1. Does segment 28-35 contain at least one residue that is at pLDDT below 90, in a loop (DSSP other than H, G, I, E, B) and not hydroxyl-bearing (Ser, Thr, Tyr)?
2. Looking at segment 91-115, which of its residues are in a loop (DSSP other than H, G, I, E, B) and within 20 Å of Leu52 (Cα to Cα)?
3. Evaluate segment 245-263: report whether one residue or more is more than 15 Å from the ligand (Cβ to nearest atom), assigned to a loop (DSSP other than H, G, I, E, B), in contact with a helix residue (DSSP H, G or I) (Cβ under 8 Å, 6 or more places away or on another chain) and not basic (Lys, Arg).
4. Any residue at all in segment 37-44 that is within 16 Å of the ligand (Cβ to nearest atom) and either assigned by TED's automatic domain parsing to the domain that holds Glu124 or modelled with pLDDT of 85 or more (or both)?
5. Name the single residue that is farthest from Val103 (Cα to Cα) among those in segment 143-162 being surrounded by 15 or more Cβ atoms within 10 Å (Cβ to Cβ) and away from the ligand (no atom under 16 Å from the Cβ).
6. Pick from segment 264-306 the residues that are assigned to a helix (DSSP H, G or I) and hydroxyl-bearing (Ser, Thr, Tyr): which of them is surrounded by the most Cβ atoms within 10 Å (Cβ to Cβ)?
7. Looking at Ser132, Ser163 in this structure, which one is in the same structural domain as Arg293 (by TED's automatic domain parsing), assigned to a helix (DSSP H, G or I) and polar (S, T, N, Q)?
8. Please enumerate the residues belonging to segment 152-174 that are in contact (Cβ under 8 Å) with a residue 60 or more places away in the chain and under 32 Å from the mean Cα position of the chain (by Cα).
Amino acid sequence: SLSQPQDSGSAPIIRKKLNGYVGFANLPNQVHRKSVRKGFQFTAMVVGESGLGKSTLINTLFNTRLYPPKEPLPPSAERPQTAAIESISADIEENGVRLRLTVVDTPGFGDFVNNDESWKPIVENIESRFDSYLEQENRVNRQKIVDNRVHACLYFIQPTGHSLKPIDVEFMRQLHTKVNLIPVIAKADTLTDEEVAEFKARVLADIAHHNIHIFQAPTYENEDDEALAEAEEIAGKIPFAVVGSDRLVSTPDGRQVRGRAYPWGVVEVDNEDHCDFVKLRQMLVRTYMEELREHTNDTLYENWRTEKLLSMGVIQDSSVFKEINPAIRIQEERVMHEAKLAKMEAEMKMVFQQKVQEKEAKLKQSEEELYARHREMKEALEKQRLDLDDKKRRIESGRPLTPEKQTQKKGRFNIRG
Ligand code: GDP
């Protein structure tokens, strides 16, 4: 077995080979079974001027009559004055997997004379869904959280062939931090292939120019080539040029397809040579539905939540806390001041000890000098005494003094001190 310690923060991780069957290789199957039993929730929002084919495309995407065919409004009918937001839910099932699909429609968006703030009710709707999720998270009992957050927003661009309109730019700028934006070019069958290619390039340039973040399929380092190729192919089609139709039509070669019949031929919805519908479905449903949900939860909702809680005065991060709480700041300053004092004291002590040592050494030296002088004087006095004794003896015995002894006598009394 190979063992390889790894740095994982606290405890080292040792890699081991198993000697037999344990069973955790079955974990993905457990997750699979559980999630199939629980089912999935997905909420998509569609935004764009009326008549761009939003309802038709949703019906086409999920292959169901989610939206009943609309009665065209008679010219005399009163149009609503604001964009009313409606949502429709349906439980759909495919191969035993259940999906609770909710589509949020925004009829009326961009339909008014003044569309300056058409994005506002939509932003409010998205935020109120975040609010509701946050409120559920904060409940004492969080057993049954209903996730109504919008996981993807299909933004329908009118197939003008020119570039984005100010209302498109404004909408995307207001929304891109709150929802996964997926731009689509509506009714692409009204443009030729070249027109579509040129229009796409211009739309992408506009999006980049305005620093708008649209949803990008994530790619992971350890992914296989097939997955990478798929991600690249999907990314290459953005903004998806789509054609919607929930009707079957006959092709000249006798096939029944979902599509639109024209005098010059049939546009097939599910034919990748005709439009990007298949790639859009792959992005939204087959390949990245879970990524859309995850990105909504981990990034978009999380950022919104942090901002919201901070604005409400809830604080967690200690660095932020200090700025706001003066008691913490004063305490910290006192600790720093005390440390400075202690350092100064230690330095002074050191200097003092050094001075004491120097003084002691000097005193010792003077002491030794004094001893030496004392000894010298004592010796001199002793000698003087001996000389005097000698002199005394001579005088007593009647012998005269030698001249040499007389000079010595003079010098002796010149001893310092
Ligand atoms: P909504 O108001 O955006 O929901 O638009 P609808 O889905 O009600 O469609 C409005 C009209 O456009 C209907 O007559 C549709 O048949 C038609 N339509 C929908 N999708 C397409 C498309 O991809 N191409 C063309 N040419 N017409 C479409």
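The values are calculated or read from the model by the stated rules, or taken from the named source; none is laboratory data. This is a predicted model, so every value here is computed, not measured. Reconstructed Cβ throughout: ideal geometry from the backbone, glycine too, with neighbour counts over all protein chains shown.
1. No: segment 28-35 contains no residue that is at pLDDT below 90, in a loop (DSSP other than H, G, I, E, B) and not hydroxyl-bearing (Ser, Thr, Tyr).
2. Thr106, Pro107, Gly108, Phe109, Gly110, Asp111, Phe112, Val113, Asn114, Asn115
3. No, that holds for no residue.
4. Checked segment 37-44: at least one residue is within 16 Å of the ligand (Cβ to nearest atom) and either assigned by TED's automatic domain parsing to the domain that holds Glu124 or modelled with pLDDT of 85 or more (or both).
5. Asp147
6. Looking at the filtered set, the residue picked out is Thr296.
7. On the way: Ser163 fails: assigned to a helix (DSSP H, G or I).
Matching residue, one of Ser132, Ser163: Ser132.
8. Ala152, Cys153, Leu154, Tyr155, Phe156, Ile157, Phe171
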